[in-house]
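One structure below.
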Amino acid sequence: MISTIHPIPAFSDNYIWAASEADSAKVCVVDPGQAQPVIDYLIAEQRTLSDILITHHHPDHTGGVLELCAKYDCRAVGPGTSGIEGLTEVVAEGGTVSLFGQEFSVIEVPGHTLDHIAFFCEDKDQAEPILFCGDTLFAAGCGRLFEGDPPMMHASLNKLSKLPESTRVYCTHEYTLANLEFAVAADPNNQALLERVEREKAKRAAQQPTLPSSIALELATNPFLRSFDFELKKSSRSRLGREPQDEVEVFAALRAWKDSF
C-alpha cells in the first residue's frame, strides 16, 4: 500500500505527486508535465517508476509521459477521450485503478477540461482517503473553465465535496495564496478562512508546500464549494447587479470575478 506521497516541483508552480509503496522501490507519479524532475527524484531516492496517473490532457500534466514510459517501461493511465500520447490504459467514470494493492476509483470531473478525471482511494488500512484531483479542485480555489461551463464545473465540484471530509486533497499547483486572496475578497467575514490565510502564509515563508489540503478545509474556506453561503450570495449579487437565480449562478459569478481578479 501507499506509504508516502511526495511533491516533486516542476515548472514554476506545478507539483508532480510521487506515491511510494511501503517496503518497495516502486513509485507512481501523478501528472508528470516534465520528465527530468521525476528522473532526478527517482535517482536520488534509488527508486523506479512503475505507474503514471494522468488527470487531463494539458501539456503541463502530460509532457513527461512519453519520455518516462520509454525509460522505465511503466504503466500510464488516464482519460481516453482526448488522445493523450503514451497512455497504456484508459479509464472512465466507474472504473478503478489498482495501485500498490489499493483500489482507486475514477471520478469524471469535467469543467476545466472535458476529459478531466480524478482518482480517489478510501482504504480501511489507510488513515485518510486520498484524492488526486489535477486542476479541478485547488486549495481555496478551482480550475479555470477552459472547455466546460459553470453548470458542469459546479456539478464536478459538488461530486468532490461529498467525499469524506478527512480526504487528503492532492491538487497540482501551488496557487494557494493567490486563491486565498480572492477568497477573502469574496467571503471577508469567514473566520476559518482568515485563520487559514495566516497558516498558509507561514508555510510559504518557510518554503513549504501548502498542499495537501482536505475536503473539510475546502468546505470551510473555499468559495467555489460554498455557493449556498449567504456571504457568497451577497458577493455574487454585487457582481451581477441582481439576485442570483441559483447556486450555479453564484458559482458562475464568482468564477468570472476570479478570472479578472
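Taking the criterion of being closer than 18 Å to Thr167 by Cα, of a type in the set (D, E, K, R) and not in a loop (DSSP other than H, G, I, E, B), the residues of region 195-244 that qualify are Arg196, Glu218. In region 154-165, of all residues being in a loop (DSSP other than H, G, I, E, B) and in contact with a helix residue (DSSP H, G or I) (Cβ under 7 Å, 6 or more places away or on another chain), the one that is surrounded by the fewest Cβ atoms within 10 Å (Cβ to Cβ) corresponds to Pro164.
Here Ala18 fulfils each of the conditions (1) closer than 23 Å to Glu108 by Cα; (2) touching a Leu at 6+ places or on another chain (Cβ under 9 Å); (3) in contact (Cβ under 8 Å) with a residue 24 or more places away in the chain apart from (3).
Let's see how each residue does on (1) among the aliphatic types (A, V, I, L, M); (2) over 24 Å from Thr55 (Cβ atoms); (3) modelled with pLDDT of 95 or more:
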site: His173; (1), (2), (3): no, no, yes
site: Asn190; (1), (2), (3): no, yes, yes
site: Leu217; (1), (2), (3): yes, no, yes
site: Thr221; (1), (2), (3): no, no, yes
site: Ser227; (1), (2), (3): no, no, yes
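Take region 237-261 and flag every residue that is under 14 Å from Pro150 (Cα atoms) and hydrophobic (A, V, I, L, M, F, W, C). Walk me through it before giving the result.
Taking region 237-261 as the starting set, the residues that turn out to be under 14 Å from Pro150 (Cα atoms) are 244-259.
Scanning region 237-261 gives Val248, Val250, Phe251, Ala252, Ala253, Leu254, Ala256, Trp257.
The residues in region 118-153 that are under 14 Å from Pro212 (Cβ atoms) and either of a type in the set (Ser, Thr, Tyr) or not in a strand (DSSP E or B) (or both) can be counted, and the count is 6.
Are any of the residues in region 65-87 under 21 Å from Ala35 (Cα atoms), touching a Pro at 6+ places or on another chain (Cβ under 8 Å), free of Cβ contacts under 8 Å to residues at least 40 places away in the same chain and surrounded by 15 or more Cβ atoms within 10 Å (Cβ to Cβ)? Within region 65-87 (the criterion being under 21 Å from Ala35 (Cα atoms), touching a Pro at 6+ places or on another chain (Cβ under 8 Å), free of Cβ contacts under 8 Å to residues at least 40 places away in the same chain and surrounded by 15 or more Cβ atoms within 10 Å (Cβ to Cβ)), the answer is yes, since at least one residue qualifies. For region 1-60, the set of residues classified as closer than 16 Å to Ile130 by Cβ and among the acidic types (Asp, Glu) consists of Glu21, Asp31, Asp51, listed by residue number.
Taken together, Val169, Val184 contain a single residue that is in a strand (DSSP E or B) and either surrounded by 15 or more Cβ atoms within 10 Å (Cβ to Cβ) or within 17 Å of the chain's Cα centre (by Cα) (or both), which is Val169. In region 22-40, what count of residues is obtained for those that are surrounded by 24 or more Cβ atoms within 10 Å (Cβ to Cβ), touching a residue at least 60 places away in the same chain (Cβ under 8 Å) and over 17 Å from the mean Cα position of the chain (by Cα)? Of the residues in region 22-40, 0 are surrounded by 24 or more Cβ atoms within 10 Å (Cβ to Cβ), touching a residue at least 60 places away in the same chain (Cβ under 8 Å) and over 17 Å from the mean Cα position of the chain (by Cα).
Applying the set (1) among the small types (Gly, Ala, Ser); (2) in contact with a Ser or Thr (Cβ under 8 Å, 6 or more places away or on another chain); (3) more than 26 Å from Ala139 (Cβ to Cβ) to Ser3 leaves exactly one unmet item: (3). If only residues of region 42-57 that are crowded, with 24+ Cβ neighbours inside 10 Å and in contact (Cβ under 8 Å) with a residue 40 or more places away in the chain are counted, the one that is nearest to Cys74 (Cα to Cα) is Leu53.
Inside region 139-155, can you point out the residues that are under 20 Å from Leu219 (Cβ atoms) and either among the hydroxyl-bearing types (Ser, Thr, Tyr) or touching a residue at least 60 places away in the same chain (Cβ under 8 Å) (or both)? Give the steps one after another, and end with the answer.
Of region 139-155, the ones under 20 Å from Leu219 (Cβ atoms) are 139-143, 150, 153-155.
Selection gives Ala139, Ala140, Gly141, Cys142, Pro150, Met153, His154.
Taken together, the criteria place Ser98 among residues that are free of Cβ contacts under 8 Å to residues at least 60 places away in the same chain and out of contact with any Ser or Thr (no Cβ under 8 Å at 6 or more places or on another chain).
The values are calculated or read from the model by the stated rules, or taken from the named source; none is laboratory data. In this text the structure is predicted, and so the values were computed from the model without any measurement. Methodologically, a virtual Cβ is constructed for each residue, glycine included, from the backbone with ideal geometry; neighbour enumeration extends over all protein chains shown.
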